[in-house]
1. Compute the Cα gyration tensor for the range 57-115, then decide on rounded, prolate or oblate, letting a ≥ b ≥ c be the square roots of its eigenvalues: rounded whenever a/c is under 1.5, prolate when a/b is larger than b/c in the other cases, and oblate in all that remain.
2. Spin-label point model (7 Å from Cα, Cβ direction): what's the Val280 to Leu268 distance in nm?
3. Return the single residue from Met198, Met252, Met48 with maximal mean-square fluctuation; model: Gaussian network over the chain, springs between Cα atoms under 10 Å.
4. Out of the total accessible area of the range 145-224 (probe 1.4 Å, heavy atoms of protein only), what percent is carbon and sulfur?
5. Quick one: among Thr137, Thr172, Thr26, which has the greatest mean-square fluctuation in a GNM of the chain with alpha-carbon springs under 10 angstrom?
6. List, in order, the whole-Hz ³J(HN,Hα) value for each residue of the range 77-90 obtained from phi through the Karplus relation with A = 6.51, B = -1.76, C = 1.60 and θ = phi - 60°; use x for Gly and Pro.
7. In a Gaussian network model over the chain where Cα atoms closer than 10 Å are linked, find which of Ser166, Ser154, Ser40 has the largest mean-square fluctuation.
8. To the nearest Å, what is the center-to-center distance of the range 246-309 and the range 112-171, using C-alpha atoms only?
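The values are calculated or read from the model by the stated rules, or taken from the named source; none is laboratory data. Because the structure is predicted, anything quoted here is derived from the model rather than measured. Cβ placement follows ideal geometry from the backbone for every residue including glycine, while neighbour counts extend to all protein chains displayed. SASA here: full protein model, heavy atoms, side chains in, ligands and nucleic acids out. Shrake-Rupley method; radii C 1.70, N 1.55, O 1.52, S 1.80 Å.
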Amino acid sequence: MRATVIYGAGDVRVETVPDPKLAEPTDVILRVVRSCICGSDLWPYADMEPREHGRRIGHEFLGIVEETGADVTTVRKGDLAVAPFVWSDNTCEFCREGLQTSCLHGGGWGAKGVDGGQGEAVRVPQADGTLVKLPHTEDDDLLASMLTLSDVFSTGHHAAVKARVSEGQNVTVIGDGAVGLSAVLAAKRLGADRIVLMGRHRARTDLGREFGATDVVAERGDEGIEKVRELTGGQGTHAVLECVGTKGAFEMGIGVVRAGGAISRVGLPQYEEGPVGVGVFRRNVTVTGGVAPARHYIPELLPDVLDGKYQPGKVFDRTIDVEGVPDGYRAMADREALKVLIKP
């Protein structure tokens, strides 16, 4: 089959790799129907050290079950199912607490002999705990929205949940990428009254307004902080959803959060130290966030996606086939595309 392999910064290739085969009775072979490129994939694309043997990549996908192991009971051949961006048994002590990203028997796609999601098929370990069955559909828009449950919509929802977003609150979302826009949608869904989106790309912030943003702040740094505080009577917002991962974004979050508020970080941090000293302490600011347990959230979010109440699939603004993946990476890295959908 054809699949994506990354060899280093800027070096993504589509190669012929072995077809996946069942290795354990808990496995499923899934034929990929939709997958995509994630913003977090751009970090290795930007700075991964060159290596002789590439590694598989991609962690957002849904597809048709082609083959099941003897112990699999929740899906069968022919079912459509979505995979969260990590696989898990959904039964260990962490999974039972809703933290499937820390599953004692789970792991990541594209590692330790497991296929990446940017290819034609995937061996899914711990299929009963990982996959969520979906209704069959040929609707491209619905398939795109269901795909976002694999990562970005669930991650945006995680940001809002960890920041305790609730009815009537003011929220700042930092970042106009796919996760940031999903966080706007999630904050709106949870009842936020005012949602300030900090972003400077017009097409993206326009979609943010469609998703529920009431204000857009294009300024960054101290200027951006001042602008958000002006919009909120000098107090800042109850919640800040930081969806970028840079130290500068975190610093802006500290600057715009209200006393007693929360900053939820879901952008993959590209720094080791940040401003969490006495100033944050005195204002009783909560710093939270982390890797989203998408498997925990999918059952909650799926009904609203199926009935069209929310359409997070609108974050996809370019569609390619598997052979076009290298150009898809380039387009996202060059900000020619917000999020690239892969349709094998």
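1. Oblate shape, in that a/c is at least 1.5 and b/c is the bigger or equal ratio.
2. Each label point is offset 7 Å from its Cα along the Cβ direction, giving 2.2 nm.
3. Fluctuation is largest for Met48.
4. 41
5. The residue with the greatest mean-square fluctuation here is Thr137.
6. Along the range 77-90, the couplings run 3, x, 6, 8, 8, 10, 10, x, 7, 9, 9, 7, 7, 6 Hz.
7. Highest fluctuation among the options: Ser40.
8. With the range 246-309 and the range 112-171 each reduced to a Cα centre, they are spaced 18 Å.
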